[in-house]
Structures are given as structure tokens and as C-alpha cells.
Amino acid sequence: MIFAISNQKGGVGKTTTVLNIGVYLAKKGKSILLVDIDPQANLTSGIGIKRDRNDKEFLSIYDVLINKTEPISVIKKTRIENLDIIPSAIELAGAEIELVNLMSREAILKKNLDKIKHDYDFILIDCPPSLGLLTINAHVAADKILIPVQAEYYALEGLGQLINTIKLVKSNLNQELEIGGVVLTMFDNRTNLSKDIAVELNQHFSDRLFDTLIPRNIKLSEAPSHGKSIQEYEPTSTGAQAYDRLTDEILARFTKDKKQDVPSS
């Protein structure tokens, strides 16, 4: 199953969510591929892969999308058992312009992931904070969309636009696409604001909202600077416990193969 973790708003915890769900799924015995399709390459560095500026042989998702490199040639093992990654690189920043003139440009990622998806239990795509061609490619390739939403005042701003984009992709490019779930991140139980946003999300998404709330936690913020997941960096922290529970929810939800429709905005 392929998940795109998507929200065009930056700073909502997309990369943190992809990284930690991937690590916990791998720790639970699932075979996982992470795909970093964000030019910022934070997922790549967050799992501890750093590109030497002089390394001309480094292959990334850019080579798959633009240079027609076979995805199997780009996959890198991580230090976590059962966890692989297709890394990103700075070249991806110009990929949307290069994709414009290509045939079936919205489905290039899907075409490539279809070649390897049966080698993994789950593929997790980290989308950029935009609704451009890279994100559209991720939506076309995905079976499910997971939407992280930050527990802040502007959290719901633009969410309707994301839902409309998902509807358009579902209608025109990927009829099987579904919203797999919404996860509330950076939740602070001490504030009424966080609680109010949780209530509003529940009203809009009902059973699509995961029960697990990802707390605002300093250890979650620190872990990427060490090139580690929260499970490696501070496994007893509240952030680690939350992502462990969220992973269990994901496994329980998607073994049921429950049919869901895209909700109205």
C-alpha cells in the first residue's frame, strides 16, 4: 500500500510523521520504503543520509523522475532493518519546470513505483509543502492520503484547497485514491486552542481522524538534527510513545481495507 503524506501548509509535521511512522512500521516487522519527493530533502537527512557535495554518483528521486533511472538503482538501505529510502536532492527544486513538457507528467512517479511496490508492505511518500506537480505525482501514485494538521490557529486554512485537489486527482487521474486519515500534530493539551481544533477536525473528518494526538515535544524537534528518528533518539519520550500508538492505529485501520470516500470541504 502506498501512502502520500500531504499538506501544502509547511511546518505541520509531514516529514516527522513520515520518518517516524516508517521506522515504527519497520520495527514491527513491515518492509518499508520511504520516498522523499520534497526538494528540501529533510526526510533524507532525517534518516541520516547526507550527500557529499563532490559525489557525482549520488542518485535521487530526481534521476527517477527526470533522467529515467530505474527506481531499483536509486533505493538506499538505511541503518534500520526493513527500512529503505529513495532520497531527494537539491536538483529536485527545478523538477517541476522540467516535468511540464513530459508525456503523462502527472503519472511518472506512479509508473516507477509500480515497478517496485510489491517488494514492500508500505511505501510512504513525503510531499513538498505545495500543490504542484511533485505533489500531484505523489497523489496519483498513492492509494491513501494521510494529512497531518498542526494544532494552531491557521491549521485549517487551505485544508479545503487540499481536499479539492484530492477530489480532482480522484476524478481525473486516480479513481482509487482515498483519504486514509488525518493526524493532529503539535498538540498541547494545556491550551483551549488545541482542544478546539481537535473538536473541529472531528466534526469535519469524523472516523478519518486518528485517535492518537502527536504532542508538541522538544525531543521530536531535536531528533532530526541528529539524523535519527524519535525511536532511536528518545524512545521513552511522549513523542515516541505517540508515534508508536499511531503506527498501531494505521496497521489496525488498513488491515480492514475499509472503503472511504473523499469528504466534502
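The values are calculated or read from the model by the stated rules, or taken from the named source; none is laboratory data. Every value quoted in this text rests on a predicted model; they were computed, and no experiment measured them. Virtual Cβ from ideal backbone geometry, glycine too; neighbours counted across all protein chains shown. The area values use the complete protein model at the heavy-atom level, side chains included, leaving out ligands, DNA and RNA. Shrake-Rupley method; radii C 1.70, N 1.55, O 1.52, S 1.80 Å.
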Quiz item: Taking the range 63-82, which residues are over 17 Å from L25 (Cβ atoms) and assigned to a loop (DSSP other than H, G, I, E, B)?
Solution: I66, N67, K68, T69, E70, V74
Quiz prompt | Residues within the range 14-37 that are farther than 23 Å from N217 by Cα and open to solvent by less than 10 Å² (accessible area, probe 1.4 Å), tallied | solution = 6
Practice problem: Evaluate the following for R208: is it basic (K, R), farther than 24 Å from A41 by Cα and either open to solvent by 40 Å² or more (accessible area, probe 1.4 Å) or touching a Ser or Thr at 6+ places or on another chain (Cβ under 6 Å) (or both)? | Solution: no
Quiz item: If L146 passes every condition in (1) at pLDDT 95 or above; (2) part of a helix (DSSP H, G or I) but one, which one does it miss?
Solution: (2)
Practice problem: Please work out which residue is nearest to the chain's Cα centre (by Cα), limiting yourself to the range 1-32 and to residues that are basic (K, R) and in a helix (DSSP H, G or I). | Solution: K14
Self-check item: Candidates I214, I250, I230, I218, filtered to the one that is closer than 28 Å to A41 by Cβ and either open to solvent by 80 Å² or more (accessible area, probe 1.4 Å) or modelled with pLDDT under 95 (or both)
Solution: I218
Quiz item: Do we have I163 as open to solvent by less than 10 Å² (accessible area, probe 1.4 Å), over 17 Å from R253 (Cβ atoms) and touching a residue at least 60 places away in the same chain (Cβ under 8 Å) here?
Solution: yes
Quiz item: Which is surrounded by 16 or more Cβ atoms within 10 Å (Cβ to Cβ), over 18 Å from the mean Cα position of the chain (by Cα) and outside any helix (DSSP H, G or I), of L59, L131, L124, L102?
Solution: L59
Practice problem: Test Q150 against the criterion of being open to solvent by 50 Å² or more (accessible area, probe 1.4 Å) and touching a residue at least 24 places away in the same chain (Cβ under 8 Å), and give yes or no. | Solution: no
Quiz item: How many of the residues making up the range 80-99 are open to solvent by 70 Å² or more (accessible area, probe 1.4 Å) and at pLDDT 95 or above?
Solution: 1
Exercise. For I72, state whether it is open to solvent by 10 Å² or more (accessible area, probe 1.4 Å) and either at pLDDT below 95 or of a type in the set (G, A, S) (or both).
Key: no
Quiz prompt | Residues (assigned to a helix (DSSP H, G or I) and either basic (K, R) or surrounded by 21 or more Cβ atoms within 10 Å (Cβ to Cβ) (or both)) located in the range 38-47 | solution = L43, T44, G46
